[in-house]
Amino acid sequence: MTESVSSIKDLKDVDVIFLSCHDHNEGTNNHGLFQMHEFFKKNVKVKSVFASTLGSMYENSIDIFDISHLGEGLKLAQQITPSLSKPLKNHPQSWLNMEKEDYVDCASKVFIENLPNHKFIAIADRGEIDLLVLEAVMKHFKSKLIILSAVNNAWTGFCSFPDEFNCDKFKTEAGCCNPCPAIADRENVAGDFVKNTFSDTREFLERNRDSVLLNVGSSYSLKEAEGSYLFKDVEKCLIPLKNWYTVDDFETLWNTKKENKSKFLENLKNNNKNFHTDKIKFIVMWSAHDIAIKRKGIDYYINCLRILKYLLKFNRFEEVLMIFTCKMGDETAVKTILELGIPVVFTNHISRQNYDFLISASDIYCSTTVSDAGPRTTLEAASAGTPVISFDNCNASDLINENKGALVPTYDVKKYAEEMHRFANYSESERKQISKNLYDDYNRTFDTKALVGKWETFLKKHEV
């Protein structure tokens, strides 16, 4: 058993340091970079550690470290993360009160004095640390940077998801400029932020091109990254994040799905007398961090439901139960959904265990995401044997087809509703076969041994 150490500095033979503000997502184990660390820890034959600059939910001094206290009066993230540090510029203990060169020296010195020797630093969001500070740390340790786009795209100036705004400026040398629709409704964001961020990223890459590597999780993201002016010459690897695991036998998975569906409907009946659960035959799940996030496509999904209601001839719509797992940040969307008169459950954020239960209990999982580096939710559904209906601007294009769900041209709500209708009319034997197809292909595509081999080959190739 590996013993704990008094500080991260005392570690020996470290290969990869995963660096982020948090090791959790609002108190849940849904942080993409942390889940990649967990995959490395369990499977990849390298020594990896996770360092949090704002705070940790884990008590661990073996491979998880909270280094937020290194901020000298503030949290370290508040000193080195641009979005967190600038509001505190006038704080008496803020390092930003220094001249820029002195600030970089001071901030990088903290890392240099407190991190162990290592070969790679891995981040998921280039905004986690000031690029000049990161550059100084990389040069001192002669380490390389891996940008993991398991959640966020990294190859644009600021707008992580350009398709959301139908923008291709990230493909041009001029890059992002003002006005930018991505920040039009963001408070406390300077008008020149997008342009400056694009410029800063370009300069960082020009100086460190041979020391930066980009990981993407889907062929859709790879194609978009290859079109980026900033990242066109950066070496890329397509290795998806595997954070969900299937059981070893499909019959076990299928029986669990049936049991979970029955349990869910029984719980719903016992806790809400308004639900006529005896009529419900088909459960559909949709999820997002927040229903208000435009690129998650709730407006398109609502239109899909309107069309589906027509296709089901209204009187059958009570057979379909819709589950929404997300923050309810858009009251208008929630009200519109309720006005459709469909059986619906809103769960807000739930624990990972409950999320697993719901996605297993569902007959299909619907993703209307129009632009994303993932979403991981489609793969999570696939691992549970729950067929996925998705727009094609995401990772579903690498796994889903009509034999395992449906891949729909993005924005085509009529086709999307027709596919939902197709699944609503399947017999149980047809649903079982679709689930079996997805189970088999997920296990082939996300074979742990194959993914580990890709990572070990990639890291070996680039280590100094």
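The numbers here are math on the coordinates, done by the rules we state, and not lab data. Computed from a predicted model, the values in this text were never measured in an experiment. In this analysis, Cβ positions are derived from the backbone assuming ideal geometry, glycine residues included, and neighbour counts consider all displayed protein chains.
Pop a pseudo-label 7 angstrom from the Cα along the beta-carbon direction at both GLU99 and LYS223 and give the gap in nm to one decimal.
Distance between label points: 5.0 nm.
Using the Cβ atoms and a cut-off under 11 Å, what net charge is assigned to the surroundings of THR445, where Lys and Arg are +1 and Asp and Glu are -1?
-1
Quick query: amide H of ILE64 versus all other amide H atoms, modeled in the peptide plane; which residues come in under 5 Å with a sequence gap of 5 or more or a different chain?
It is PHE50, by chain and number.
Over the chain, what is the relative contact order in percent, taking alpha-carbon pairs closer than 8 angstrom and at least six residues apart?
With pairs under 8 Å counted, the relative contact order is 13 percent.
Below 9 angstrom from the Cβ of THR368, what's the summed charge of the other residues (Lys, Arg +1; Asp, Glu -1)?
0
What are the ³J(HN,Hα) couplings of region 125-132, residue after residue, when phi is run through the Karplus curve with 6.51, -1.76, 1.60 and θ = phi - 60°? Round to Hz, x for glycine and proline.
For region 125-132, the Karplus curve yields 9, 5, x, 5, 8, 3, 4, 5 Hz.
Name the residues whose placed amide hydrogens come within less than 5 Å of the amide hydrogen of THR410, ignoring near sequence neighbours (fewer than 5 apart) on the same chain.
ASP392, ASN393
Which pairs in the list LYS139/LYS460; LYS263/LYS436; LYS313/LYS432; LYS242/LYS414 are over 27 Å apart, alpha-carbon to alpha-carbon?
The pairs that break the limit, which is 27 Å between Cα atoms, are LYS242/LYS414.
Could you tell me whether region 266-358 comes out rounded, prolate or oblate from its Cα gyration tensor? Rule is a ≥ b ≥ c as square roots of the eigenvalues, rounded for a/c under 1.5, then prolate if a/b exceeds b/c, otherwise oblate.
Details: a/c = 1.85, a/b = 1.09, b/c = 1.71.
Here region 266-358 falls in the oblate category.
What ranking do 236-242, 425-431 get when scored by the average of other Cβ atoms within 10 Å per residue, highest first?
236-242, 425-431
For the chain, rounded, prolate or oblate, judged on the Cα gyration tensor with a ≥ b ≥ c (square roots of eigenvalues), a/c < 1.5 rounded, else prolate if a/b > b/c?
Details: a/c = 1.91, a/b = 1.64, b/c = 1.17.
Since a/c reaches 1.5 and a/b is larger than b/c, the shape of the chain is classed as prolate.
Return the sequence-ordered ³J(HN,Hα) values of region 317-334 in whole Hz as given by the Karplus equation 6.51 cos²θ - 1.76 cosθ + 1.60 applied to θ = phi - 60°, using x for Gly and Pro.
With coefficients 6.51, -1.76 and 1.60, one gets 5, 6, 7, 10, 10, 9, 10, 10, 10, 5, 5, 9, x, 10, 5, 5, 5, 4 Hz.
What shape does region 250-445 take by its C-alpha gyration tensor, where a ≥ b ≥ c are the square roots of the eigenvalues and a/c under 1.5 counts as rounded, a/b above b/c as prolate, and the rest as oblate?
Because its axes are fairly even, with a/c under 1.5, region 250-445 counts as rounded.
5 Å is the cut-off here: which amide hydrogens, built 1.01 Å from N in the peptide plane, fall below it relative to PHE346, excluding neighbours closer than 5 in sequence?
PHE324
Out of region 319-400, which chymotrypsin sites (Phe, Trp or Tyr not before Pro) are coil in DSSP terms and have no more than 12 other C-beta atoms within 10 Å?
Those that pass, being in a loop and sparsely packed, number zero.
What list of ³J(HN,Hα) couplings, whole Hz, do you get for region 102-108 from phi and the Karplus terms 6.51, -1.76, 1.60, once you set θ to phi - 60° and write x for glycine and proline?
Whole-Hz 3J(HN,Hα) from phi for region 102-108: 5, 4, 4, 4, 5, 5, 5.
In the neighborhood of VAL104, defined by Cβ-to-Cβ distances under 10 Å, what is the net charge if each Lys or Arg adds +1 and each Asp or Glu adds -1?
Net local charge, VAL104 excluded: -4.
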